[in-house]
Structure formats: C-alpha cells, structure tokens
C-alpha cells in the first residue's frame, strides 16, 4: 500500500498518495468498515486536491481531514502533485501524537 497513484483531479492533475510507515500502521489498526471509509476519503482528497479548501493545522505543517471519528493528517505538495499521509486515528489520539512530536 506504500505509493499509490490517485485519480485525476478536477484540474486534470494526478496527485500521488504516499503513506508514511506510521500512517500504514495506523490504517491497519482501524476496523475494516472504518478503514474503507478512510481510504475512500483519501481517494476523494487526491481527486479534488486542487479544488477544495484544506484545513491547516495551527502551528504545524500538516492539514487535517475528518472522516467520522477519525482524522487524517497529511502534507500537501502542490508542486509535485503529492499528498503524504502522516497520521490516521481518532481525534484525541492524533492530536496528542502531534503535540509530542
């Protein structure tokens, strides 16, 4: 699941999705139904990265995307058309991990 080519965006650009090792572990620990929702949202993000407003984390370089009780923290590189998924988890757990970094 490392590097995945994502769909074509509304601007015709393809965003590559990269999962950090931490994000891969996070994804594996999520129940199957929720995992599918998270993966669908990541696919949507890759397809719409140029046309949506991204929610920037205060004091951190990451952006946040909400999927039910889960948060996906990611870096966005518009120049390289790349999204790097940093963390995936429940709200409190993800923000606690981010604060320790």
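The values are calculated or read from the model by the stated rules, or taken from the named source; none is laboratory data. Only a predicted model underlies this, so the values are computations on that prediction, with no experimental measurement involved. Methodologically, a virtual Cβ is constructed for each residue, glycine included, from the backbone with ideal geometry; neighbour enumeration extends over all protein chains shown.
The table below gives the values:
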{"quantity": "Number of the condition not met by residue 82 [criteria: (1) at pLDDT 95 or above; (2) farther than 17 Å from residue 39 by Cβ; (3) out of contact with any strand residue (DSSP E or B) (no Cβ under 6 Å at 6 or more places or on another chain)]", "calculated": "(3)"}
{"quantity": "Residue among 3, 22 that is modelled with pLDDT of 90 or more and at negative phi", "calculated": "22"}
{"quantity": "Residues (surrounded by 18 or more Cβ atoms within 10 Å (Cβ to Cβ) and in contact with a strand residue (DSSP E or B) (Cβ under 6 Å, 6 or more places away or on another chain)) located in the range 85-101", "calculated": "85, 86, 87, 88, 94"}
{"quantity": "Of all residues in the range 14-44 being in a strand (DSSP E or B) and either within 11 Å of the chain's Cα centre (by Cα) or free of Cβ contacts under 8 Å to residues at least 60 places away in the same chain (or both), the one that is surrounded by the fewest Cβ atoms within 10 Å (Cβ to Cβ)", "calculated": "18"}
{"quantity": "Those strands (runs of 3 or more DSSP E) lying entirely in the range 45-100 with at least 1 residues in contact (Cβ under 8 Å) with a residue 40 or more places away in the chain", "calculated": "70-77, 82-90"}
